[in-house]
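What follows is a set of notes on a single structure, which appears directly below.
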Amino acid sequence: MTDNQQKQHLDLSPYQIRTDLAVEAHQLALEKQAQAERAEKKDAIDGVRIDEFEEDDIKVIKVHIDTQEAAERVGKQKGRYLTIEAKRLRQKDSDFQDKVTTLMANQFYQFLHEIGIPSHASCLVVGLGNWNITPDALGPIVVEHMIVTRHLFKLQPDQVEEGFRPVSALTPGVMGLTGMETSDIIRGVVNETKPDFVVAVDALAARSIERLNTTIQISDTGIHPGSGVGNKRVGLNRETLGIPVIAVGVPTVVDATSIVSDAIDFLLAHLGKEMRDQEEGTNARRALVPGGMSFGFQKPEDFDPSTIPDEEGRRALLGLVGTLEDQEKRQLIYEVLKPLGHHLIVTPKEVDEFIDDMGNMLANAISAALHEKIDMSNVSAYTH
C-alpha cells in the first residue's frame, strides 16, 4: 500500500478536537471536503448557508444548517447558529463591551422574532455549569444578574407595566453537586411552571485559542451540558423539554492539543513573516531593537495564515512536523500528550475578570432582548 493510500484509509476521528462552535465545525467540514476531493477548500457545503457582516470591529456570522445531510457533515444539529466575534473584548474596554452588549441585544431580539417567539411568551433562563469552577460559572453568574419578573406577574399583575414578559431563572448545578441529571431538574421545573421557551446559558469549549473570551454563540438547537469536555449528558432541546430551547454560550476553555497545534502555526507564521521581511529589507529599522522590547501600547496582531511558508520552508524550519496536515499534526500531539497525562482542558489566567464581565454583559443583553421596555440606556437600573 502506498503512502497516499495509507493516508486515505487513516481514521483520524478518535483525535477530533472537540468544539461547541458551529463556525469551527463548519470550517472542519470544509477542510475534510477539500481533503477528500484533493482540491482547494470550497466556500460552501451543500445545505449550509453563511451570512456575515462586521460592525465596529465586531463580526456577526449566521450559520443556517438546512438539511440533515449537511448536519451530519458539519457535526452540528440542523438549525440556526448566530456567532458574535469581538477580539477586543480581551482588552477589557468598557465602551467596547457596551457596544458588544447592544449589538447582542439587537441580534438576540431578531433571533427570537425569526424563530417565531412572540413578545409576550414566558421564558425560563437556565444557568448551566458549576459555580465552584470559575471557567464553568458563566451560566450561574448570568442568572444572578438577570431581570426576573414571573413572580410579579403571579402576585402583582396590575403593577407590571407594558413591555415586560414573565421571566424566571434557575441554576440547577451539575450532577457532581446534586446527584441528579441536569435535564431531569429542568424538565421538572418546566412541567411545573410551564414557560413557553427556555434560554440555556453555558460555557463552551473552543478548537482555537483565538476564540477564547472573544466569541458568543446563540442557537435554536438546544444544548448538551458537559459535551465540550467529553461528559455526555442528556441534551436540553425541544425533543426533551417539549418547548423551544435557545442556547447561549461563550468558549472559556480549549483543549491542550489545540494550544500546541496553534502555537506551531503561530511560530511558522512568525518565522515566515520574519524571513519575508528579511528578503524585502522591511525589518531593517528593527535591527537594533532588543527582542521582546515594545514601546507604548501595541494592538495584538491577527494571525495571518498567508505568512506560513510553503511545504519546503516548513520542512526546513521544523522538519517532518512542519509538513504535517492539520489533523495529522493534532493526532501526533494527542498521542504525545495523552500517555503523559498532559491532555488537559485549559483556560486563560484572566478568566476571573472575564467571567464576571461576560456574565454581566450576557445578562444585560438577554434582559434587554426579552423585555421591550428595557434597552441599553436603562438596563443598569434593573440589574446589579
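Please determine whether any residue of the range 294-308 is open to solvent by less than 30 Å² (accessible area, probe 1.4 Å), in contact with a Gly (Cβ under 8 Å, 6 or more places away or on another chain), outside any helix (DSSP H, G or I) and modelled with pLDDT under 85.
Looking through the range 294-308, none of the residues is open to solvent by less than 30 Å² (accessible area, probe 1.4 Å), in contact with a Gly (Cβ under 8 Å, 6 or more places away or on another chain), outside any helix (DSSP H, G or I) and modelled with pLDDT under 85.
Hey, can you tell me all the residues within the range 169-196 that are loosely packed, with under 13 Cβ neighbours inside 10 Å and among the polar types (S, T, N, Q)?
THR178, ASN191
Return the residues of the range 309-340 that are in contact (Cβ under 8 Å) with a residue 60 or more places away in the chain and either assigned to a loop (DSSP other than H, G, I, E, B) or under 26 Å from GLU279 (Cβ atoms) (or both); say none if nothing qualifies.
GLU325
How many residues does the range 73-86 contain that are within 15 Å of the chain's Cα centre (by Cα) and at pLDDT 90 or above?
7
State whether one or more residues within the range 153-168 are part of a helix (DSSP H, G or I), loosely packed, with under 15 Cβ neighbours inside 10 Å and in contact with a Pro (Cβ under 9 Å, 6 or more places away or on another chain).
The answer is yes; a qualifying residue exists.
For the range 29-70, what are the residues that are open to solvent by 80 Å² or more (accessible area, probe 1.4 Å), farther than 18 Å from THR215 by Cβ and at pLDDT 85 or above?
ARG49, GLN68, GLU69
Across the range 84-132, which residue is farthest from ARG150 (Cα to Cα) among those that are assigned to a helix (DSSP H, G or I) and aliphatic (A, V, I, L, M)? Walk me through how you get there before you give the answer.
Initially, the range 84-132 is screened for residues assigned to a helix (DSSP H, G or I), giving 87-91, 94-114.
The next check asks that each one be aliphatic (A, V, I, L, M); those that pass are 89, 100, 103-105, 112.
Numbers: LEU89: 32, VAL100: 27, LEU103: 26, MET104: 23, ALA105: 21, LEU112: 19 Å.
Among those residues, the one meeting the criterion is LEU89.
Test VAL254 against the stated conditions and say whether it is out of contact with any Ser or Thr (no Cβ under 6 Å at 6 or more places or on another chain), open to solvent by less than 70 Å² (accessible area, probe 1.4 Å), among the β-branched types (Val, Ile, Thr) and at pLDDT below 85.
no
Which one is surrounded by the fewest Cβ atoms within 10 Å (Cβ to Cβ), of the residues in the range 111-145 that are among the acidic types (Asp, Glu) and under 30 Å from LEU344 (Cα atoms)?
Taking the candidates together, the pick is GLU144.
Among (1) open to solvent by 20 Å² or more (accessible area, probe 1.4 Å); (2) among the hydrophobic types (A, V, I, L, M, F, W, C); (3) more than 27 Å from GLU52 (Cβ to Cβ); (4) modelled with pLDDT under 90, where does ILE259 come up short?
Of (1) open to solvent by 20 Å² or more (accessible area, probe 1.4 Å); (2) among the hydrophobic types (A, V, I, L, M, F, W, C); (3) more than 27 Å from GLU52 (Cβ to Cβ); (4) modelled with pLDDT under 90, only one is false for ILE259: (3).
So for the range 62-74 (the condition being assigned to a helix (DSSP H, G or I), touching a residue at least 40 places away in the same chain (Cβ under 8 Å) and within 30 Å of PHE354 (Cβ to Cβ)), does at least one residue qualify?
Within the range 62-74 (the criterion being assigned to a helix (DSSP H, G or I), touching a residue at least 40 places away in the same chain (Cβ under 8 Å) and within 30 Å of PHE354 (Cβ to Cβ)), the answer is yes, since at least one residue qualifies.
Looking for something in contact with a Ser or Thr (Cβ under 6 Å, 6 or more places away or on another chain) and at negative phi - is there at least one such residue anywhere in the range 150-157?
Yes, the range 150-157 contains at least one residue that is in contact with a Ser or Thr (Cβ under 6 Å, 6 or more places away or on another chain) and at negative phi.
The values are calculated or read from the model by the stated rules, or taken from the named source; none is laboratory data. Remember, it's a predicted structure, so these values are computed and weren't measured experimentally. Counting neighbours? That spans all protein chains shown, and the Cβs are built from the backbone with ideal geometry, glycine included. Ligands, DNA and RNA are excluded from the accessible area calculation, which covers all protein heavy atoms including side chains. Shrake-Rupley method; radii C 1.70, N 1.55, O 1.52, S 1.80 Å.
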